[in-house]
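See below for the structure under consideration.
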Amino acid sequence: MTTVEKSISEDDIKISSEDDDILVDVRDLTTYFYTEFGIVKAVEGVSFHIKKGEFFGLVGESGCGKTVTALSCLNLVRFPGMIEGGQVFFKGKDVLKLKDKDIRKIRGAEISMIFQDPLSSLNPVFTVGEQIAEVISLHEDVKKDVAKERAIKLMEEVGIPLAQERVDDYPHQFSGGMRQRVMISRALSCNPTLLIADEPTTALDVTIQAQILEIIRGLQKKFGMSVLLITHNLGIIAENCQRVGVMYGGHIVETAAVKTIYKDPRHPYTQALMAAIPRLDLSIDKLQTLPGSVPDLIDPPTGCRFHPRCSYATSKCAEVVPPLKIWTSDHEVACHHHEEINASKD
Amino acid sequence: MTISNQTSSDIILETKNLKKSFPVYVKGVVRKTLVGYIRAVDDITIKIRKGEVFGLVGESGCGKTTFGRVVLNLLPPTSGDAIFDGQRIFDMKDRKEALWFRKQAQLIFQDPYLSLNPRLSVSEIIGEVFIIHSRGMSKQERRERVVKLLNLCGLEDYHALRYPHEFSGGQRQRIGIARALAVEPQLIVADEPVSALDVAVQAQILNLLKDIRKRFNLTYIFIAHDLSVVRHISDRIAVMYLGKIVELAPGEDFVRNPRHPYTEALISAIPIPDPTLERKQIILPGDVASPLNIPSGCRFRTRCIYAKQKCSEVEPPFEEISPDHFVACHYPVESKLF
């Protein structure tokens with residue numbers, strides 16, 4: 001017990017003295033779900049950080065733990081889920097150790113979140129204006145009409161036409177793209193320093209997706225907030241993010257600057273993922289495929305979770321979980337053999 | 001295949017002024033009143049060539065699925081005609097003709113979870129096809145054919161006895177493909193066959209679809225909203241907007257040199273996984289207009305950044321403006337996006 005406490009206090013010191021530009025530092029995050037079928041090891045030993053003002057992407061296939069990671073960062077995992085271990089430092093404080101009362105001050109104010117399906121995250125019986133104003137009056141001591149005025153301003157900010165009139169409309173009167181704008185304006189209502197966007201455009205058409213991403217990019221520049229963007233689309237990562245983490249089966253297998261990872265993906269999974277997507281700008285005869293399917297996280301493969309599908313796997317891969325190791329200054333890889341695999345490239 | 005000298009035998013399916021509208025009612029206390037029609041497919045005239053992959057893209061609600069259903073005679077058209085291999089398909093009334101057409105043209109569905117009967121085993125799901133289309137086939141032969149089809153689609157012999165819930169999404173889509181292939185069709189309409197799948201599985205299914213097309217010399221109408229996927233598999237691509245095809249061109253030409261402002265914006269809106277690529281991005285204003293209330297003249301003009309007076313008055317005809325490149329626009333753009 002004492003050793004644990006000691007290591008935390010060391011971390012605390014480290015974060016406040018050395019890395020002033022780091023906003024969120026996730027270390028060894030582990031979240032399990034206790035279901036009737038067994039323990040789902042959804043997220044295990046995940047570590048990454050997001051700098052101030054940075055656009056960070058988290059990419060992976062469905063069920064790889066992206067959303068659970070994001071929810072864990074806000075301590076929002078609910079029964080049967082449990083955060084088993086790890087720390088999430090936000091501005092130097094461990095979010096997971098905060099009291100309910102204190103974390104509520106952070107949620108929605110300093111860290112806010114938008115979700116994939118805007119219809120199910122808006123309350124159908126309140127007007128959108130009331131729902132935006134609710135967040136404002138919850139975190140700040142303002143009068144009702146002031147909060148409503150601010151709600152209108154926010155709706156204008158995200159490009160909702162006729163905001164003055166539409167503020168009294170209900171969610172069902174908006175289109176999908178407009179609802180997502182309402183969600184964004186609600187998320188922005190207290191000037192967050194971190195915006196978590198969980199697949200914000202997956203339910204939308206491409207032309208609307210382009211609109212929404214432009215709004216998020218614009219607001220990020222304007223207010224200097226950090227963004228954690230969760231998506232399965234490598235194109236969205238390439239066009240929006242500065243750094244990216246690739247997740248597979250509850251582990252982060254590679255993190256790097258976006259420019260680096262697309263030029264030099266080092267983990268076999270990242271490589272396979274990139275070779276499997278059809279490209280608009282290139283004509284590809286045959287797409288590369290991966291054998292097998294995504295691992296069952298109730299009984300995940302031992303060692304490297306990717307080893308049963310990896311053509312380079314050795315006996316070591318089945319035994320030892322490869323740690324996320326620094327390769328170059330902005331590139332970390334969790335693979336025992338990435339140096340040999342990429343030897344011909346280097 | 002030369003473009004200008006097409007003989008009718010090169011064409012597998014032709015639609016002439018095909019229209020499909022759905023009435024929309026508002027339910028009142030006493031009666032329901034008709035408030036209008038959704039023109040889901042609005043006057044489409046195209047020719048689909050034998051052996052090609054005809055990609056059809058568009059945003060949700062543009063009518064691409066309705067088009068696929070109407071040309072398979074699964075939905076009756078409001079007006080217009082469709083000719084398959086010289087036969088007018090909407091005239092087929094008796095069972096024999098209908099069965100013949102079903103044998104020629106099949107459908108692969110989007111959702112592999114909903115398109116397979118959960119109470120039948122895979123051998124029953126596929127074997128059912130032979131009971132209907134090849135009467136008198138022995139049980140033994142039927143079993144052999146099922147296994148052969150499964151192997152063809154990358155599944156194992158023992159999978160025949162399992163039930164749909166025992167399979168992953170990708171495997172279920174393989175079963176759906178095997179079922180479509182069972183009648184040895186000439187034409188397959190694939191309606192969003194990979195949009196429910198993750199990228200790695202999507203790649204497997206796309207490769208499978210490509211392989212079997214080559215092997216059996218099939219024609220596909222490949223419907224999807226993901227232009228990257230459509231471009232990967234298609235020979236020609238058509239883009240739909242509010243019930244109409246606004247541009248049709250060979251794949252490479254379509255992506256490199258779009259002429260309709262909507263296509264241009266659509267292509268520029270698709271994120272490309274290459275952070276070093278510098279390109280122009282056009283962000284369309286507003287939402288798609290309601291299909292209940294289609295704008296006058298050019299239906300795209302309400303979102304078009306180049307719209308002029310004429311666009312609101314005259315509906316642009318769908319014309320061939322360069323060899324094999326059809327566009328419905330008064331002022332086609334010259335665009336180089338890559």
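Applying Stokes-Einstein at 25 °C and 0.890 mPa s to the Kirkwood radius of segment B:84-217, computed over alpha-carbon pairs, gives a translational diffusion coefficient of 159 µm² s⁻¹. A Gaussian network model of chain B, with springs between Cα atoms under 10 Å, assigns the largest mean-square fluctuation among B:SER79, B:SER121, B:SER138 to B:SER138. Note on chain A: GNM, Cα springs under 10 Å; of A:GLU44, A:GLU36, A:GLU199, the largest mean-square fluctuation is that of A:GLU36.
Each Lys and Arg adds +1 at its Cβ and each Asp and Glu adds -1 at its Cβ; summed about the Cα centre, segment B:213-254 shows a dipole of about 260 debye. Kirkwood hydrodynamic radius of segment A:270-346, from the reciprocal of the average inverse Cα-Cα distance over all distinct pairs: 14.4 Å.
Once the gyration tensor of the Cα atoms in segment B:1-116 is diagonalised, the equivalent ellipsoid follows with semi-axes of 29, 17, 16 Å, ordered largest first. Shown for segment A:103-237: lysine pairs separated by 8 or more places, or found on different chains, whose C-alpha atoms are under 24 Å apart, numbering 10. Residues B:PHE54, B:PHE216, B:PHE67, arranged from fewest to most other Cβ atoms within 10 angstrom of their Cβ, appear as B:PHE216, B:PHE54, B:PHE67. Each of A:HIS172, B:HIS225 was scored by other Cβ atoms within 10 Å of its Cβ. Arranged with the fewest first, they read A:HIS172, B:HIS225. Considering only the Cα atoms of segment A:115-226, their convex hull presents on average a projected area of 6.4 nm². Centre-to-centre separation between the Cα atoms of segment B:272-305 and those of segment B:45-119: 28 Å.
Between helix B:169-181 and chain B there is an angle of about 80 degrees, using the helix long axis and the longest principal axis of the Cα atoms. Based on alpha carbons, the Rg and Dmax found for segment A:258-304 are 13.7, 39 Å. Kirkwood analysis of segment A:140-186, using all unique Cα-Cα pairs, places the hydrodynamic radius at 10.9 Å. For segment B:277-338, the fraction of C-alpha pairs more than 12 angstrom apart is 73%.
Amide H contacts under 5 Å for B:ILE38: B:PHE22, B:VAL24, restricted to partners 5 or more places along the chain or on a different chain, H placed in the peptide plane at 1.01 Å from N.
With N set to the residue count of chain A, report its C-alpha Rg divided by 2.2 N^0.38 Å to two decimal places.
Cα Rg divided by the expected 2.2 N^0.38 Å: 1.04.
For the options A:ASP28, A:ASP94, A:ASP102, a Gaussian network treatment of chain A with springs between C-alpha atoms closer than 10 Å singles out A:ASP102 as fluctuating the most. Residues whose amide H comes within less than 5 Å of that of A:LYS51, counting only those at least five positions distant or on another chain, are A:LEU23 (H built at 1.01 Å from N in the peptide plane). Close amide-amide hydrogen proximity is noted between A:MET113 and A:GLY108, A:ILE196, each under 5 Å apart and 5 or more residues distant or on a separate chain (H modeled in the peptide plane; Pro and chain starts excluded).
Which translational diffusion coefficient, to the nearest whole µm²/s, is obtained for the protein assembly as shown from the Stokes-Einstein equation, given a Kirkwood hydrodynamic radius over C-alpha pairs, 4 °C and 1.567 mPa s?
Estimated diffusion coefficient is 47 µm²/s.
Peptide B:219-232 has a mean shielding of 3, counted as Cβ atoms of other protein chains within 10 Å of each residue's Cβ. Against the main long axis of the alpha-carbon atoms of chain A, helix A:144-157 sits at an angle near 50°.
Bridging of B:LYS308 to aspartates and glutamates at a Cα separation below 18 Å is possible for B:GLU264, B:GLU334, once same-chain residues fewer than 8 apart are set aside. Rounded to the nearest Hz, the phi-derived 3J(HN,Hα) couplings of segment A:101-110 under the Karplus curve 6.51 cos²θ - 1.76 cosθ + 1.60 (θ = phi - 60°) are 4, 6, 6, 5, 6, 7, 4, x, 9, 8, where x marks glycine and proline.
Treating each Cα of segment B:161-275 as one equal point scatterer and applying the Debye formula with no solvent, the log10 of I(q)/I(0) at q = 0.10, 0.11, 0.14 Å⁻¹ comes out as -0.35, -0.42, -0.66. Sparsely packed loop sites in segment A:141-249 (the trypsin sites (Lys or Arg not before Pro) outside DSSP H, G, I, E and B with at most 14 other Cβ atoms within 10 Å) comprise A:LYS143. Against the main long axis of the alpha-carbon atoms of chain A, helix A:2-17 sits at an angle near 70°.
Counting pairs of alpha carbon atoms under 8 Å apart in space and at least six apart in sequence, what relative contact order in percent does chain A give?
Values: 604 pairs, mean separation 65.3, N = 346.
Relative contact order here is 19 percent.
In chain B, the convex hull through the Cα atoms has an average projected area of 20.6 nm², a quarter of its surface area.
Since every read-out is calculated from the coordinates, none of them should be taken as a lab result. Just so it is clear, the structure is predicted and the values come from calculations on it, not from any experiment. Cβ coordinates were reconstructed from backbone atoms using ideal geometry, including for glycine residues, and neighbour counts include every protein chain displayed.
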